[in-house]
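K.L.:
There's a structure below that I have some questions on.
The values are calculated or read from the model by the stated rules, or taken from the named source; none is laboratory data. What you see is a predicted model; the values in this text were computed from it and never measured. Positions of Cβ are generated from backbone atoms using ideal geometry, with glycine treated the same way; all protein chains shown enter the neighbour counts. Protein only, heavy atoms only, side chains kept; ligands, DNA and RNA dropped before computing areas. Shrake-Rupley method; radii C 1.70, N 1.55, O 1.52, S 1.80 Å.
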Amino acid sequence: MTHTKKRTKRIVLTAVAFAAGTVGTLLATSVGNAAVPEAATQVPAVKAPAALAVPDGNTLSGVFTGRGTQTYACTDGAWKLLEPAAVLTDKRDRPVALHSRGPVWVSTVDGSAVNASAVATSPKDGTIPELLLKATATRGTGVFGDVTYIQRLNTTGGVAPAGTCTGTDQVGVRYTATYAFYKAA
């Protein structure tokens with residue numbers, strides 16, 4: 001893949017993410033009470049492997065479906081994760097957040113954000129692993145303000161291509177996951 005094609009692909013992915021964020025913001029402002037995502041008021045239960053249990057003293061605050069791409073770059077002849085790019089939606093399939101490199105999640109509804117790093121993993125056959133992530137920074141007072149932990153669950157797809165690679169190629173692999181967000185009780 002040439003540098004021009006890579007740049008074009010990145011611009012398209014960024015435009016799609018921006019458009020999804022804009023749609024989410026417009027929906028939130030045009031529907032009135034939609035400014036608070038569904039998950040913030042009615043949080044469904046989640047089922048996680050014991051290895052990904054959130055420590056006591058944290059309460060589930062939001063559950064969203066993520067759909068996007070895991071982008072891999074050819075580095076020293078092997079595919080290495082470069083970045084995720086996903087849109088998170090509520091149970092009515094309305095966009096509520098963007099997920100990207102960091103990893104970071106940014107609300108398209110209220111601008112709050114959370115950065116995190118993985119602290120535990122649970123492998124799954126044929127898909128990217130499920131994760132427990134601990135927040136490293138938050139911004140704002142909205143849906144992601146004061147988030148302490150995040151679980152990436154129910155993953156499908158997103159696995160790096162098999163085999164070796166050459167050059168500086170990049171490849172995007174579609175994935176889905178359930179993201180569960182927790183705040184201190």
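K.L.:
Condition (residue is touching a residue at least 60 places away in the same chain (Cβ under 8 Å), assigned to a loop (DSSP other than H, G, I, E, B) and of a type outside the set (Val, Ile, Thr)) applied to region 131-140: is it met by at least one residue?
P.N.:
No, the conditions are met nowhere in region 131-140.
K.L.:
If only one of Gly145, Gly163, Gly167 is open to solvent by less than 30 Å² (accessible area, probe 1.4 Å) and either out of contact with any Gly (no Cβ under 8 Å at 6 or more places or on another chain) or over 19 Å from Ala51 (Cα atoms) (or both), which one is it?
P.N.:
Just one listed residue meets the conditions, Gly145.
K.L.:
In region 67-101, what residues are among the acidic types (Asp, Glu), farther than 26 Å from Cys165 by Cα and surrounded by 17 or more Cβ atoms within 10 Å (Cβ to Cβ)?
P.N.:
Asp90
K.L.:
Does at least one position in region 124-133 carry a residue that is open to solvent by 30 Å² or more (accessible area, probe 1.4 Å) and of a type in the set (Val, Ile, Thr)?
P.N.:
The answer is no; no qualifying residue exists.
K.L.:
Out of (1) out of contact with any helix residue (DSSP H, G or I) (no Cβ under 7 Å at 6 or more places or on another chain); (2) free of Cβ contacts under 8 Å to residues at least 60 places away in the same chain; (3) part of a loop (DSSP other than H, G, I, E, B), the odd one out for Arg92 is which?
P.N.:
It is condition (1) that Arg92 fails.
K.L.:
Residues being in a strand (DSSP E or B), closer than 14 Å to Ile128 by Cβ and over 9 Å from the mean Cα position of the chain (by Cα): count how many of those fall in region 45-89.
P.N.:
Looking only at that region, the number is 9.
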